[in-house]
Every structure is written in structure tokens, then in C-alpha cells.
Amino acid sequence: MKIMSTKQIIRLALLVSGMSLGMAAQSSPQTPPDSTPDTTPAPAFGQTAPVLNPENPPVTGLDEPSLDLRSSSRSFISPALQVSESADTNGANQLDYRGLQSITRVIGAFDLQKFWSKSDLFLEYLGGGAFYNNPSDIRQLEAVGFEGVTRWRTGTMAIRDSFTYLPDGSFEIGTFGGAPGFGIANGGGTGFAGGGIPGAHPFGSGLFGAVGDVPRLANTAILDAVQAISPVAAITFAAGFSDAHFFDPTHLLINSDQFTIEAGYSHLLRRHDQLGLVYAFQLIQFPQNTGGQIYVNIVNLRWSHTITGRLNLIVGAGPEYISLEEGGYESYLSLSARVQLRYKMGHASVLASYEKFVSPGSGLYAGADVQTARLGYNRPLGRTWEFFGDLGFSHNAKIQGGGISANSYNDMYVSTIFRKHLGRTYEFIAAYRFGEDIFSSYTCAPDASCGRSAQRQSGSLGLEWHPKPTRIE
């Protein structure tokens with residue numbers, strides 16, 4: 001009961017804080033940001049401060065610059081519908097299983113974006129189902145996303161929330177041709193997460209890989225703020241809560257809650273370079289009989305180099321002090337690190353990243369030491385075709401008892417998607433995905449399958465409908 005009341009207090013505080021600042025937002029139009037630093041202090045530098053430039057935001061904040069042209073600031077609503085058919089070699093995601101089955105997916109999306117002079121609102125709902133060979137085997141897919149932004153003369157604040165209910169972890173949405181909509185509901189937000197501590201994208205529940213088709217519910221809520229203190233310096237603050245709940249009748253998968261608070265200082269060295277320092281505290285909680293709590297204190301020194309519209313490089317590293325509560329206390333010192341490169345070459349874009357951090361353990365462990373790397377690529381092919389490629393790998397090592405018997409596992413995937421525009425309202429989709437979880441020793445999953453690996457391949461064909469957005473005032 002004590003833990004539940006703490007969660008409720010934190011959620012209520014985030015909500016009240018966000019609503020009060022949103023209501024206090026001024027209605028006067030904002031001044032466009034300057035493109036070059038101005039080191040002369042002014043009484044009300046506001047949005048003219050280069051450190052608040054949205055094309056190169058503070059390196060310790062949660063936003064990072066877009067490599068694309070700014071989207072239209074028009075308010076509108078937009079529906080979408082995607083229907084796909086997949087041939088899947090391991091639809092139940094079992095250990096050491098090989099087979100073939102068809103899965104039909106129907107996913108609808110509804111997006112709303114509304115702009116005021118000092119505030120922005122983004123909402124997205126994704127809903128549908130996965131229909132397997134057995135007519136009685138239907139799995140529900142749900143995701144809801146919210147993002148509200150308000151600005152004042154010397155800073156900004158955003159409230160974000162992402163809720164998902166999926167049958168077998170991250171494999172099930174956005175990987176079979178990409179989810180319809182703008183991506184807010186499945187954690188994408190209006191852009192990639194920026195300067196958050198390693199593993200927080202943003203403050204996620206740390207799910208890497210899944211075994212079995214046990215439904216899971218995950219929610220992430222964040223409040224973050226940026227306050228300029230001079231034209232070239234800003235302080236940032238963020239607080240978040242995330243949880244992962246597995247509907248596992250065998251009780252082998254481990255539920256988790258994660259609280260994160262971080263504060264940072266960013267300084268614009270020159271037009272393209274920033275230096276920042278971040279401190280963060282994390283509390284990761286599990287059921288007492290599976291792991292108790294993990295306390296993590298993190299310090300990261302961060303540097304970024306940004307060329308507007310072309311390149312963004314972030315490099316950060318620092319110590320993390322980890323305390324375990326499992327029948328006593330144990331502490332040790334480790335390293336957290338993050339390197340991310342985003343580069344635009346003509347019409348093509350590349351994303352490469354590496355991170356090292358502590359995660360809640362993806363339901364398989366009561367906490368894990370994670371190293372993860374990703375390489376993504378997308379570009380148009382001619383006038384009507386577009387290609388997306390994604391390659392990812394993570395190594396997850398158990399840091400305390402509980403969970404499956406294997407001491408570590410590797411999660412890897414390769415995904416390719418081709419999209420062809422059929423007029424202005426339809427797209428044809430062809431996608432392939434390979435994924436595999438490899439465990440360090442023989443282990444058993446919640447669905448009673450046992451082995452060393454869970455391998456899955458899926459080829460999909462689909463059609464997506466997205467009519468012209470309807471403007472609203």
C-alpha cells in the first residue's frame with residue numbers, strides 16, 4: 001500500500017504541475033530563434049537565446065534537433081488504417097521452435113495535433129488486433145500517446161505519456177511495415193529523445209526481447225523543462241515514471257516500476273558545439289520476493305556537435321553507482337555511456353548508436369546490465385518508393401537473483417521495410433524481420449518451452465490508407 005500511494009502522489013504532482021504551467025502560458029507570438037550566438041546579456045532574451053534554439057536544443061534536455069525540414073504548424077486531425085498479412089516461423093515466440101503460420105493484423109490510428117501561440121498538443125491512438133491461424137486466437141493491440149508542450153519567454157516545458165498493451169513485447173507493433181500514424185503512441189514522440197541519460201528514450205521501461213506471447217502492459221510518463229539562464233547557458237530538469245506489467249499466469253516474468261529524476265546544465269561553446277553535465281537518480285522496484293529495489297546514481301559528461309539539417313553527434317559517459325537490495329545491501333561502481341550519430345546524406349538518413357546502462361530486466365531478470373547498439377537507414381527510392389532498414393543488438397546480464405536461470409542473453413534483430421506510394425492516400429508495404437534471443441544456458445520460458453534460443457522470422461505484405469488530414473481551428 002505504501003508503494004502504491006507513492007506512485008499516486010508522483011503522478012498527481014506531475015499532472016498538477018503540467019496543468020498549472022500550461023494554463024499560465026502566454027498568448028503572445030514567440031520570437032523566432034537566432035541562428036548565431038549572442039553573448040550580450042539582455043533583460044528578456046527569451047527565445048532569442050541561441051541555447052533555446054529548437055534546431056540545436058540543450059544537450060542535457062530530452063529533445064534533439066531534427067534532420068528534416070520543420071513540419072507545418074497547422075492544426076489537424078488525421079486517421080489511418082493498416083491491414084497486413086504475415087508468414088511467421090514462430091508466432092508464439094517459443095524457445096527452440098520452428099514452424100510456419102499466418103497472422104493477419106489490422107491496426108487503426110487517429111492523430112490530432114493542435115497549435116496555439118505558446119503551446120502545442122499532440123495525441124495519438126493505435127488500436128487493432130492480430131488474428132492467428134486458430135480462429136479463437138486473437139490478440140489485442142493498443143497504444144495511446146500524449147505530448148503537450150508550453151513555452152514562456154525563457155524556457156519550455158513538456159509532458160509526455162506513452163501507454164501500450166501488446167501480446168508479446170516490442171516484436172508486435174511497428175515492425176511489420178511500421179505502425180500507422182505519427183509514432184507518438186509507441187514511444188516515438190515528435191522526435192528522437194535527446195540528452196536523457198543512457199537507456200532513457202525517454203525514461204523507457206527497458207524492454208529488450210521477449211519469450212512467449214504473454215501480454216504485457218507498459219506505461220511511461222515524463223515531465224521535462226528547460227530554463228535559459230543566459231543566451232548561451234540553460235538548466236534542464238526531468239522526472240519520469242514507467243512500469244511494465246506482465247499478465248503471466250506462471251509468475252515467471254517479473255513486473256517492474258522505475259522512477260527517474262535528472263537535472264543538467266548545458267553551455268553553448270560555439271555555434272555547433274555544446275557541453276553539458278547531467279546527474280540522475282533512478283529507483284527500480286520489483287516484487288519483494290523477486291528482487292526488491294535497485295538504486296542507481298548517475299553522472300554523465302556530455303558533448304554534442306550539430307550542423308542544422310545535416311548532422312548531430314552526441315557523446316557522453318560517466319560513472320554510475322549501483323546499490324542492490326536483495327536480502328541485504330550490495331553496492332558497486334560501473335560505467336554508463338552513450339554515443340549517437342544522426343547524419344543526413346542528400347535524401348538518405350543514418351542513425352548509429354551505442355549505450356551502456358542498467359535496465360529493469362525486460363521481465364526476464366530483476367535488473368540487468370545492458371549494452372545495446374543500433375544502426376538505422378532510410379531513403380527514398382525514386383519518386384514513389386521508400387526504404388527503411390534497422391539493425392539492433394543488445395547484451396543483457398543479470399545483476400541479481402530472480403528471473404530465468406540463464407545469467408545473460410543476447411537480443412538481436414534485422415528489419416527491412418519497403419513502402420510504395422499509391423497516389424496520395426494509399427501505400428503498399430513489403431517487410432521482413434528476423435529476431436532472435438540467445439541465452440547463455442539452457443532455460444525455460446513462461447509458456448513451458450525450453451531451450452537456448454527463440455528465433456523468429458516474418459515476411460509481411462500490407463496496405464495502408466491515410467486520407468488527407470482535416471484542418472481544425
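No lab work stands behind these numbers, since they all come straight from the coordinates. Since the model is a prediction, treat every value here as computed from it, not as a measurement. Quick reminder, even Gly has a Cβ in these numbers, built from the backbone with ideal geometry, and neighbours come from all protein chains shown.
Among the trypsin sites (Lys or Arg not before Pro) in the range 307-415, those placed in a DSSP loop whose Cβ has at most 10 other Cβ atoms within 10 Å are 383. Relative protection proxy for 78-88, 254-264, from highest mean packing down: 254-264, 78-88 (other beta-carbon atoms within 10 angstrom). Note on residue 375 and residue 408: the model spin-label points, each 7 Å out from Cα along the C-beta direction, lie 2.1 nm apart. Summing Lys and Arg as +1 and Asp and Glu as -1 over all other residues whose Cβ lies under 13 Å from the Cβ of residue 83 gives a net charge of -2.
What full-extension length gain, to one decimal in nm, is calculated for residue 299 and residue 74 as 0.36 nm per residue of separation minus the Cα-Cα distance? Spell out each step's value before the answer.
Numbers: separation 225, 0.36 × 225 = 81.00 nm, distance 3.98 nm.
That pair, residue 299 and residue 74, stretches by 77.0 nm at full extension.
By how many nm would the segment from residue 55 to residue 436 lengthen if fully extended, with 0.36 nm per residue of separation less the alpha-carbon distance?
133.4 nm
Give the separation of the Cα centroids, the range 382-446 to the range 244-282, in Å. That distance is 22 Å. Solvent-free Debye calculation, one equal scatterer per alpha-carbon of the range 218-368: log10 I(q)/I(0) at 0.09 Å⁻¹ equals -0.38.
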